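Reading through the structure tokens given below for one structure.
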Amino acid sequence: MAKYRYKIVEPDGRLAEGTVEAADREEAIALLREPAVTLIEVRKAAIGIPWLQRAATERRRARLPLRDLVFIARQLANLLRAGCALDRSLDTIADLTSKTATQDIIRKLVKQVRQGKSLAEAMAQTVGGFPDFFVSMVKAGEASGSITVVFARLADLLERQVKTRGRLVSALIYPAILLTTTIGSVILIMTVVVPQFEPIFEQARQELPSLTRMVIGLSRLTLAVSPYLIPLAGLVGAFLFFNFQKPSAKLKLHQALLRLPLIGQIILKSEMAKLSHMLGALLEGGVPLVQALGIARGSLTNLRLRIALEQVRELVKNGTRMTVALDRQGVFPSLLVQLTSIGEESARLGETLTEVGRIYDDDTETVMQRMVAIATPAATIGLGGIVALVLAAILLAVLKINDLAF
């Protein structure tokens, strides 16, 4: 008997985790499966500290970078379309890439393919290689004889993800720099500029204006706590890290993030874009809907949405229409629900979801631009206001001293 760690959603909606003893993973799933319980994850437990176990598991699950997957899929599509044999195509791709780790993975594929395994089977058995959706689409492409088309679709899907991620990072760089500069400037003013005027005010031996006293007080407070800021930030960061390893705390955080103005919209729309593109590509590649929902769940980073999609998968598996299942969760946008309904009615769900993904890509970029447009002047005005406050405090004190001197 072995121990298996599990994550489930209980009938009251709470997220729970624990361990169960079973002969194998299938028996563990059977023991946990109940009508009102949704299984999220079941995996073999390791011996050791839980958070170190999770870190080690994530390292083992590490996949090829998106750009490498794009390169492999695009080159395979081109070479196979040109009539090149599969093993020779893989050999060529291994020669073209300059990354040793990627070369090693492709060489392993070549070896297994030449031993008679299918490409999907070889990919599934390659540790640290290809994500589940990639393997599933390749398997469906091999079964339908449209492997070249599948690789072209995979390349398009992954290129879109790379571009979307790049746009998000580019949009966040300027606000991040501006915020860092603002905080640094405030600290500099309070710890360097204001203290230089204190001796002058003390020599005057006069009662200072209330605004000046307030600014000096803030300056002294900043100087007093500044040596402890880095250790304090480290302690707070460690506390948050360990606290949010708990599924219940992580779920509450992800729910709260979805409710934030602007940021919540960005998270929801970007998640819907990834989900729609992934589901559309899987369905167009010939993967069954229930299996596609299970694979697409892995593309979501927000735990609340992942749990909701798993519940959608269970409902669809039991015969519920996908539109109804999505609507019942209360977290998926109405646009996704309505267009999914149109896709189901027209028997073009894969194409419809791909188009929904494009819509959400555009929406995400629009919201990001709006946030940058708001954050830039807000940070500028905030910094200007602080500088003006400090200048006013100093000038008031200087004017009062001068008035008394005359």
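The values are calculated or read from the model by the stated rules, or taken from the named source; none is laboratory data. Here the structure is a predicted model, which is why all the values come from computation and not from measurement. Please note: Cβ atoms are built from the backbone with ideal geometry, for glycine as well, and neighbour counts cover all protein chains shown.
Per this entry, Gly184 is not counted among residues that are among the small types (Gly, Ala, Ser), more than 30 Å from Leu293 (Cβ to Cβ) and not assigned by TED's automatic domain parsing to the domain that holds Gly217.
Within this structure, Leu305 passes the test of being in contact with an Asp or Glu (Cβ under 8 Å, 6 or more places away or on another chain), outside any loop (DSSP other than H, G, I, E, B), of a type outside the set (Gly, Ala, Ser) and under 30 Å from Lys246 (Cβ atoms).
Scanning the stretch 64-96 for residues that are over 15 Å from Ala155 (Cβ atoms) and surrounded by 14 or more Cβ atoms within 10 Å (Cβ to Cβ) yields a total of 7. Out of all the residues in the stretch 340-349, is one or more under 30 Å from Leu211 (Cα atoms) and assigned to a loop (DSSP other than H, G, I, E, B)? No, the conditions are met nowhere in the stretch 340-349. Out of Leu258, Leu251, Leu240, Leu268, one residue alone is under 30 Å from Val331 (Cα atoms), in a helix (DSSP H, G or I) and touching a strand residue (DSSP E or B) at 6+ places or on another chain (Cβ under 6 Å). It is Leu251. For Lys250, the conditions (1) within 30 Å of Ile147 (Cβ to Cβ); (2) in contact with a Phe, Trp or Tyr (Cβ under 7 Å, 6 or more places away or on another chain) all hold with the exception of (1).
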